[in-house]
Amino acid sequence: MPHALVIAEHDQGQLKLASFAAAAFAQQAAGSFDFLLLGAGVGATAEALRKAGAKTVLVADDAELAQPLADRYAQVIADVVKAHGATLVVAAVSTFAKDVLPRAAALVDAAMVSDVIGWENGAFRRVMFAGNVIATVELEGDIKFVTVRSAAFAAGAPTDTASPVESIAVEAGQLAKFSTFVSREVKKSARPDATEARIIVSGGRALKNAEDFERLVGGLADTLGAAVGSSRALVDSGITANSLQIGQTGKIVAPELYIAVGISGAIQHMAGMKDTKVIAAINKDAEAPIFEVADYGLVADVYEAVPEMIQKLKK
Ligand SMILES: Cc1cc2nc3c(=O)[nH]c(=O)nc-3n(C[C@H](O)[C@H](O)[C@H](O)COP(=O)(O)OP(=O)(O)OC[C@H]3O[C@@H](n4cnc5c(N)ncnc54)[C@H](O)[C@@H]3O)c2cc1C
């Protein structure tokens, strides 16, 4: 049986729920797993991991790990993999994992597979070409690194017993320092992040400017307590921020409800949201491809339909 290590992801101590989906995969593939949490002052975050079925919650807590700099994090992960004899290292698909995991894999000379949605007899199923191809991949070598799509693995229910926490000694002076943290600019938003949200309202080229996007897509999202998303058409035209983009080259999401507002349904957009449980689309073109995947469709002008929806929902 492999010995699995799940890298718990957090944003300034705020745990990413996708880490529990990664744990569910590790449990399936290896029968048991340890969590590894890296950061500075992450005691409370470690507590939040203790009822997720891990054998042990390993915590590397050091001021030098305050920011997720890939060179340092990869080194600590590689050291833990060697010291604990881990043979399967798992993280949820994310920008963080894309940055850190391949470096850690290279440090221990291990093979890696990304975007995994299934596992059978030692082979991994992964999504390719915007979801049009599912490849079955076998990795060579004793140690395997894997990132998994969180939508494919349901997080388990909290356990009654709490996992023990074990502290990992970090030799700060020995850490790789190829990169230096300069600053962090965070766009403050009261809205949830699209990768964590139950509902996403996403806007496309039908929205003519940033004010309309905020009023219609943002307004509908706020009425529903939802996250906002965007097609690449709006990102490219400077109407929405890059961080909102959903799709092949944006975020991959799988909420319970995705409301596409004036989005045509290009294959690259759908690659990022087609695992959604319920898709609703509003588009004035009845032939728009989004209606082929939508569970509910409304053929209407978004400038008329969305204000009416907001008004009715508020009532
Ligand atoms: C390599 C590559 C990667 C890409 N990655 C991504 C990605 O990650 N995410 C992504 O989104 N795209 C991506 N794209 C771009 C993608 O191909 C599409 O161009 C893009 O998704 C289109 O965005 P859209 O649906 O908003 O715009 P359009 O395709 O122009 O669709 C706009 C829709 O709005 C409807 N509409 C217009 N006005 C109204 C109105 N008043 N009321 C109601 N409906 C209206 C129209 O009928 C139309 O269906 C990628 C492309 C490439 C080549």
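The values are calculated or read from the model by the stated rules, or taken from the named source; none is laboratory data. Here the structure is a predicted model, which is why all the values come from computation and not from measurement. Don't worry about glycine lacking a Cβ; one is built from the backbone with ideal geometry, like all the others, and counts go over all protein chains shown.
Ala281 - would you say it is modelled with pLDDT of 95 or more, over 25 Å from Ala155 (Cα atoms), part of a strand (DSSP E or B) and within 13 Å of the ligand (Cβ to nearest atom)? When the stated conditions are applied, Ala281 passes them. Only residues that are within 14 Å of the ligand (Cβ to nearest atom) and in a helix (DSSP H, G or I) were counted across the range 210-239, and they come to 11.
The set of residues in the range 10-51 that are surrounded by 24 or more Cβ atoms within 10 Å (Cβ to Cβ) and in a loop (DSSP other than H, G, I, E, B) contains only Leu49.
For residues that are crowded, with 24+ Cβ neighbours inside 10 Å, β-branched (Val, Ile, Thr) and in a loop (DSSP other than H, G, I, E, B), scanning just the range 245-272, find the one that is farthest from the ligand (Cβ to nearest atom). Only one residue fits best here, namely Val253. When the residues of the range 192-207 are filtered to those that are closer than 14 Å to Arg232 by Cα and part of a loop (DSSP other than H, G, I, E, B), the one that is farthest from the ligand (Cβ to nearest atom) is Leu207.
Quick check on Ala83: is it surrounded by fewer than 22 Cβ atoms within 10 Å (Cβ to Cβ), on the phi < 0 side of the Ramachandran plot and not charged (D, E, K, R)?
yes
Close Cβ contacts (under 6 Å, 6 or more residues apart or on different chains) running from residues in the range 223-250 that are at negative phi and modelled with pLDDT under 95 to residues that are hydrophobic (A, V, I, L, M, F, W, C) and surrounded by fewer than 23 Cβ atoms within 10 Å (Cβ to Cβ) comprise Asn242/Val235; Gln248/Ala130; Gln248/Ala271. Testing Glu304 on (1) buried (at least 18 other Cβ atoms within 10 Å of the Cβ); (2) near the ligand (Cβ under 9 Å from one of its atoms), one condition comes back false. Which one is that? Result: Glu304 passes all but (1). Is it the case that the range 145-168 has a residue that's within 19 Å of the chain's Cα centre (by Cα), surrounded by fewer than 13 Cβ atoms within 10 Å (Cβ to Cβ) and either within 17 Å of Leu37 (Cα to Cα) or of a type in the set (Phe, Trp, Tyr) (or both)? No - not one qualifying residue is present in the range 145-168.
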